[in-house]
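All remarks here apply to the structure that follows.
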Amino acid sequence: MGSDCLSVHALRSRWKPTKERLAAQRSDHPTAIRLHRTFSWLARCEKVEAGQDDDLLLICLWVGFNGLYGRWDEQRREPFPDRQSWRDFLNRLLVIDTSSHLSKMLLEQRELVMSLLDDEYLSSFFWEEPTDIRASKSKKTKFDARTWYIDSKWSMILDRLLERIYLLRCQLIHGAATFGGKLNRESLSRCIAMLRQLLNAVLMAVIDDEAKEDWGVMCYPPLK
């Protein structure tokens, strides 16, 4: 994790008292399983040396995040779409985050946030027609974010950030980038730093404030 993020060991220790209370109610509590899955991917991230295997690192971080927000659509019998799921998850988390882990993180990481919103290569609008004009217009979000910060529109900031990180995640997952490629290293480094901070804040909020919250039907539960 980042230098100012808690280690997986520290997060697990913080989570343990609530985990034990939930286990007394139900041995296979879905929130406990969600966090167990997420911790497993974060533990893998901790084994990656700085500057090494950044492609793998972003993928592992996103999988860890996905383990928290993913929900099963019982009508269609498949996972809900990613964007819908993370928006619903974060909007609910912002309401119950009485310790303000998410908003404090966004304030502390404002410079990093702005650098991501200023990166045209992370903009789906730019890639629709990759020209200098589109590149310039894609930076409008950065200027809009100044107002969002003033108005404490944390949901809007988080959504725009995740849209950009998700674009790079999709490039990697769907074979639209070269492993270890030189062209996306700066964007990749920023996305990793941001996702580390976000995931740490999300876990702190879940652990500290409302671990008993029903996050929806879990995807692919472990079967006995």
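The values are calculated or read from the model by the stated rules, or taken from the named source; none is laboratory data. Predicted model only: the values in this text are computed from it and were never measured. We place every Cβ from the backbone using ideal geometry, glycine too, and count neighbours over all the protein chains shown. We work out accessible area using only protein heavy atoms, side chains counted, and drop any ligands, DNA or RNA first. Shrake-Rupley method; radii C 1.70, N 1.55, O 1.52, S 1.80 Å.
Things to note:
- Near the amide H of Asp73, within less than 5 Å, lie the amide hydrogens of Glu78, Phe80, all on another chain or at least 5 residues away, with H placed in the peptide plane.
- Expressed per residue, the C-alpha convex hull volume of the chain stands at 139 Å³.
- Ala135/Arg83 FRET efficiency (R0 22 Å; Cβ-Cβ; nearest 0.05): 0.40
- The magnitude of the dipole of region 1-102, with charges of +1 and -1 set on the Cβ of Lys/Arg and Asp/Glu and taken from the Cα centre, is near 540 debye.
- Set of region 46-76 residues, backbone N closer than 20 Å to the point 7 Å along the Cα-Cβ line of Phe179: 46-64
- Relative protection proxy for 154-163, 107-116, from highest mean packing down: 154-163, 107-116 (other beta-carbon atoms within 10 angstrom).
- Using Cβ point charges alone (K and R +1, D and E -1), the dipole size of the chain about the Cα centre works out to roughly 400 debye.
- Rolling a 1.4 Å probe over the protein heavy atoms gives region 104-182 an accessible area of 58 Å² per residue.
- Between region 79-122 and region 1-68, the C-alpha centres lie 18 angstrom from each other.
- Global form of region 117-224, assessed from the alpha-carbon gyration tensor, a/c cut-off 1.5: oblate
- Ranked from largest, the principal axis spans of the Cα set of region 118-168 equal 32, 20, 12 Å.
- The modelled label-to-label distance for the pair Arg14/Lys104, using points 7 Å beyond Cα in the direction of Cβ, is 0.9 nm.
- Spin-label model distance (nm) - Thr147 vs Phe125, 7 Å beyond Cα toward Cβ: 1.2
- Extension gain for Leu112-Asp28 works out to 26.5 nm (0.36 nm per residue, less the C-alpha to C-alpha distance).
- Kyte-Doolittle at least 0.0, axis length at least 20 Å by Cα - qualifying DSSP helices, the chain: 54-69, 154-173, 185-209
- Rg and Dmax, both from the Cα atoms of region 59-156 and both in Å, are 16.0, 44.
- Shape of region 40-110, Cα gyration tensor, a/c cut at 1.5: oblate
- Student exercise, region 128-210 dipole from Lys, Arg, Asp, Glu Cβ charges, in Debye to nearest 20: 480
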